[in-house]
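Let me begin by presenting the structure, written as structure tokens, before commenting on it.
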Amino acid sequence: MKIRISLLVVLLSFLQTLSSQSKPENYYNSSFDKIDKSEFDETLKKEGYRYNKYDLENEIANILYQRKTRGQLSHNDFNDLKNQLNKIAPISDGIIVIIYYPGKDWCNQKESNSTWNIFDNDYKKNLKKLNITNQFWIYKNDENLKYYYPKKINWQKDEDQLIENLFFKMHYPCSSSTVIDENGDFISILGEFGKQEIIENIKELKSKK
């Protein structure tokens, strides 16, 4: 009986692999438009580009993204964002910082307290020097979030996936961030980042005035 079960497991595993191999492999740019592999490869050589690979039901999708992105929110989107954040804490004038945790993945699967430098005391001091009071910690999925100091950090769920839809349209590894000024201009880091990048992005937005 055990031998039969083992053979069944091997067979199912083989069929799953065979099914995956038979799927078409497609390539997409950062706007999610389908492109050919040569354009995908050429873009990937450019500085700052990475990609996510997804094994979907009908295809294997390779999707490009630019790790550091800039943009501007529409008036309506910016108002929706501020209304959402105001439910967490009153927003004052000035720059808004959002730290976004997407959920457990290969990057944040370690089951021990995080050593991520975003939790360092000097990060808080630097925010204070820059007069940043609008900092929000947002999560999509709370799996493994217990290792990110929930007793000290006011993590809040991304209600209606508003923040995800505005800034983080895929699951980028580790965590992501966005910094937004009072005009709705923003700079996002998609995927793993450190405290120094938040400070740099704040300074960059401030220098535009």
_Flag for D105 being outside any helix (DSSP H, G or I), touching a Cys at 6+ places or on another chain (Cβ under 8 Å) and in the same structural domain as N79 (by TED's automatic domain parsing)_ = yes
*Out of the residues in segment 78-104 that are in contact with a Leu (Cβ under 7 Å, 6 or more places away or on another chain) and over 16 Å from N154 (Cβ atoms), which is surrounded by the most Cβ atoms within 10 Å (Cβ to Cβ)?*
L81
*asked:* What's the total number of residues in segment 76-101 that are over 18 Å from the mean Cα position of the chain (by Cα) and either among the polar types (S, T, N, Q) or farther than 25 Å from K129 by Cβ (or both)?
replied: 10
*Pull up segment 29-55, narrow it to residues that are of a type in the set (F, W, Y) and assigned to a strand (DSSP E or B), then point me to the one that is farthest from F193 (Cα to Cα).*
Y54
*Considering only residues that are assigned to a strand (DSSP E or B) and without any contact (Cβ under 8 Å) to a residue 60 or more places away in the chain, look in segment 145-195 and name the one that is nearest to L73 (Cα to Cα).*
K157
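Within the group I202, I180, I198, I189, which residue is of a type outside the set (S, T, N, Q) and under 10 Å from the mean Cα position of the chain (by Cα)?
Testing whether each residue is of a type outside the set (S, T, N, Q) and under 10 Å from the mean Cα position of the chain (by Cα) leaves just I189.
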*When segment 185-196 is examined, which residues are found to be over 13 Å from C107 (Cβ atoms) and surrounded by fewer than 17 Cβ atoms within 10 Å (Cβ to Cβ)?*
G194, Q196
*Mind listing whichever residues of segment 82-114 are touching a strand residue (DSSP E or B) at 6+ places or on another chain (Cβ under 7 Å) and over 18 Å from L190 (Cα atoms)?*
L85, I88, I91, S92, G94, I95
*Search segment 60-74 for residues being in a loop (DSSP other than H, G, I, E, B) and under 19 Å from the mean Cα position of the chain (by Cα), and hand back the single one that is nearest to M170 (Cα to Cα).*
R67
*asked:* Just to be sure I understand the filter: pairs with C-beta atoms under 7 Å, separated by 6 or more residues or on different chains, first member in segment 44-59 and over 20 Å from C174 (Cβ atoms) and touching a residue at least 60 places away in the same chain (Cβ under 8 Å), second member of a type in the set (S, T, Y) and surrounded by 13 or more Cβ atoms within 10 Å (Cβ to Cβ). Which pairs pass?
replied: none
*asked:* Taking the conditions exactly as written (exposed (fewer than 14 other Cβ atoms within 10 Å of the Cβ) and touching an Asp or Glu at 6+ places or on another chain (Cβ under 7 Å)), does D122 satisfy them or not?
replied: no
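The values are calculated or read from the model by the stated rules, or taken from the named source; none is laboratory data. Treat the numbers as computed from the prediction; the structure is a model and nothing was measured. For neighbour counting, all protein chains shown are included, and Cβ atoms are generated from backbone atoms with ideal geometry for every residue, glycine included.
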